[in-house]
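Everything on this sheet refers to the single structure shown next.
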Amino acid sequence: MQRDRRQAGYDYVKQVSDSQNFLTDKKLIHRIIRLADLQKGDTVLEIGTGKGHLTEELCRRAGRVCSVEIDERLMENAKRRLSKHANVELVLGDFMKYRLLEKGAYRVFANIPFFLTTQIVEKLAQGTNPPTDMWLVMEKGAAKRFMGLPKENKKSLEIKVRWDMKMVYHFRREDFHPKPAVDTVLVHFARKAVPDLDGREYWAFQKFIERAMKYGMTGKDGMFTKRQVSAALKAAGLYHAHEDGVTLYIQWLCLFRYDQKRKRR
């Protein structure tokens, strides 16, 4: 049993390592990090030190950098590369078990392993002390799902309550080593100063999304009549829907608030 657990641990580390595609071109690294406008007063968390190329530039621009790497071999190489930088803390371990800062502001800039994209974003976005913003290199398909493109989904609706998202850079596959089999982008997640919903409302919104996606907004088993949807959106100054039938986040939020108001009557 112990051998099986040890082997499972080795396999997991290998899976994380194998899913990393490294950025090593200095000009490209400078270009994407400049987008974040890091300051000497910033604390930056990096997920996946890798070979240390990205980490090194973060150290030059930020006041403090904490970088987490699961692969011991990569960590040893990064330690040698970053030995001249006094403002970096290198942590050997699994980011999914890493304890985020419990207080104080920090930012995230990372080229994350693709197979852990959802888990990493959820951990950062839903923590008790989330970062002020996140700059994440990720697979383009995953980025589109988080952004609700071409259609909103449960994850995109939940994350938009607290975060604004934008693809800010499109990479070439040749920018990475090894070259990934998918298109890759840099996504900026900016935390809203005030969430669109408070804690209790957020829980109710999650339940609302689940019901709407299971039964539909309108229709035989839907939550509303077409007239109710039209009236609610019109009262909020919103269109009913686009021609292709897509319902935007702001429309979901409007119908949720209409539903909550209806329940309080």
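The values are calculated or read from the model by the stated rules, or taken from the named source; none is laboratory data. Small disclaimer: the values here were computed from a predicted structure and weren't measured. Note that we place each Cβ from the backbone using ideal geometry, even for glycine, and neighbour counts take in every protein chain shown.
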Item to check | Test: residue in the range 233-256 that is closer than 23 Å to Thr117 by Cα, of a type in the set (A, V, I, L, M) and within 27 Å of the chain's Cα centre (by Cα) | outcome: no
Item to check | Residue count, the range 65-87 (criterion: surrounded by fewer than 14 Cβ atoms within 10 Å (Cβ to Cβ) and either modelled with pLDDT under 95 or part of a helix (DSSP H, G or I) (or both)) | outcome: 4
Checklist entry - Quick one: which helices (runs of 4 or more DSSP H) sit completely within the range 134-219 and have at least 1 residues that are more than 25 Å from Arg257 (Cα to Cα)? => result 140-146
Checklist entry - Being assigned to a loop (DSSP other than H, G, I, E, B), free of Cβ contacts under 8 Å to residues at least 60 places away in the same chain and β-branched (Val, Ile, Thr), is that true of even one residue in the range 48-64? => result yes
Item to check | Matching residues, the range 93-114, being outside any loop (DSSP other than H, G, I, E, B) and surrounded by 15 or more Cβ atoms within 10 Å (Cβ to Cβ) | outcome: Phe95, Arg107, Val108, Phe109, Ala110, Asn111, Phe114
Next on the checklist: Going by what's in this entry, would Phe171 be described as surrounded by 17 or more Cβ atoms within 10 Å (Cβ to Cβ), over 15 Å from Gln126 (Cβ atoms) and in the same structural domain as Leu233 (by TED's automatic domain parsing)?
Outcome noted: no
Checklist outcome for this item: Pairs returned, first residue in the range 228-240 that is assigned by TED's automatic domain parsing to the domain that holds Tyr258, second residue that is at pLDDT below 90 and among the aromatic types (Phe, Trp, Tyr), beta-carbon separation under 7 angstrom, 6 or more apart or interchain, are Leu233/Tyr239
Next on the checklist: If I ask for residues that are assigned to a helix (DSSP H, G or I) and either at positive phi or at pLDDT below 90 (or both), which ones from the range 251-265 would you list?
Outcome noted: Arg262, Lys263, Arg264
Checklist entry - When you go through (1) surrounded by 11 or more Cβ atoms within 10 Å (Cβ to Cβ); (2) at pLDDT 90 or above; (3) more than 18 Å from Leu157 (Cα to Cα) one by one for Leu248, which number turns out not to apply? => result (3)
Next on the checklist: Take the residues in the range 162-192 that are of a type in the set (Val, Ile, Thr) and touching a residue at least 60 places away in the same chain (Cβ under 8 Å); name whichever of them is farthest from Tyr249 (Cα to Cα).
Outcome noted: Val182
Next on the checklist: Going by what's in this entry, would Leu90 be described as modelled with pLDDT of 95 or more, of a type outside the set (Ser, Thr, Tyr) and either surrounded by fewer than 16 Cβ atoms within 10 Å (Cβ to Cβ) or in a loop (DSSP other than H, G, I, E, B) (or both)?
Outcome noted: no
